[in-house]
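Take a look at the structure below.
The values are calculated or read from the model by the stated rules, or taken from the named source; none is laboratory data. Small disclaimer: the values here were computed from a predicted structure and weren't measured. Virtual Cβ from ideal backbone geometry, glycine too; neighbours counted across all protein chains shown.
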């Protein structure tokens, strides 16, 4: 019998829209902003039932090797797995695509503990680095991005310009920005245009 299995090749929402290179005025060869799309990420959204939050956290730890942070607005990373806080009793589990993450999480996080949604194809992630990273974010959000307030390990949901995003502070000058796939092209355009005054370097995706 012929193989009727549906084979789907993942394709970035930014394919055909990406502009790689240097833009704006880059001083002394050092861009103020560097943007790189992170591709091939497995993402599972976990929404725990209100009376099962602790049990759900333990199940996530069993499945992924790390539990969600005990406090809100925080992310936890271990090896290649990141657990992002995205609201009360809700997390995104993110890791480079190497296994069926949804099946792995589902094996331990039962429907009695939480609802799970595979969002691997529905989100786009940009990694933004550079000395003007915080200036760029401040253009689009009312959050205080001072180094004393938005620190490595913080994870917040906010409007950036008019796009709903999740921001994960990974370092003093590094942030991962997650947005819905349907807004990816407009979001990318906003990031590009808003970075020009600092000198922008766009790298090939990884």
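Listing for the model above:
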quantity: Among the residues listed as 54, 62, 58, 74, the single one being within 17 Å of the chain's Cα centre (by Cα) and not assigned by TED's automatic domain parsing to the domain that holds residue 183; calculated: 74
quantity: Filtered residues of the stretch 106-116 (kept if more than 30 Å from residue 185 (Cα to Cα) and either touching a residue at least 12 places away in the same chain (Cβ under 8 Å) or touching a helix residue (DSSP H, G or I) at 6+ places or on another chain (Cβ under 9 Å) (or both)); calculated: 106, 107, 108, 109, 110, 112, 113, 114
quantity: Residue count for the stretch 37-68, restricted to those that are without any contact (Cβ under 8 Å) to a residue 40 or more places away in the chain and either closer than 22 Å to residue 171 by Cα or touching a helix residue (DSSP H, G or I) at 6+ places or on another chain (Cβ under 6 Å) (or both); calculated: 3
quantity: Qualifying residue in the stretch 137-146 (condition: part of a strand (DSSP E or B) and touching a strand residue (DSSP E or B) at 6+ places or on another chain (Cβ under 9 Å)); calculated: no
quantity: Subset of the stretch 96-128 [under 30 Å from residue 31 (Cβ atoms) and crowded, with 21+ Cβ neighbours inside 10 Å]; calculated: 124, 126, 128
quantity: Residue match in the stretch 69-79 (condition: at pLDDT 95 or above, surrounded by 16 or more Cβ atoms within 10 Å (Cβ to Cβ) and touching a helix residue (DSSP H, G or I) at 6+ places or on another chain (Cβ under 9 Å)); calculated: no
quantity: Answer residue from the stretch 6-36, given it is without any contact (Cβ under 8 Å) to a residue 24 or more places away in the chain and in the same structural domain as residue 173 (by TED's automatic domain parsing) and is surrounded by the most Cβ atoms within 10 Å (Cβ to Cβ) among those; calculated: 29
quantity: Residues satisfying the stated conditions in the stretch 184-206, i.e. closer than 16 Å to residue 16 by Cβ, within 17 Å of the chain's Cα centre (by Cα) and part of a helix (DSSP H, G or I); calculated: 184, 185, 186, 187, 188
quantity: Neighbours by Cβ (under 9 Å, 6+ apart or cross-chain): first from the stretch 117-135, part of a strand (DSSP E or B); second surrounded by 20 or more Cβ atoms within 10 Å (Cβ to Cβ) and modelled with pLDDT under 95; calculated: 124/13
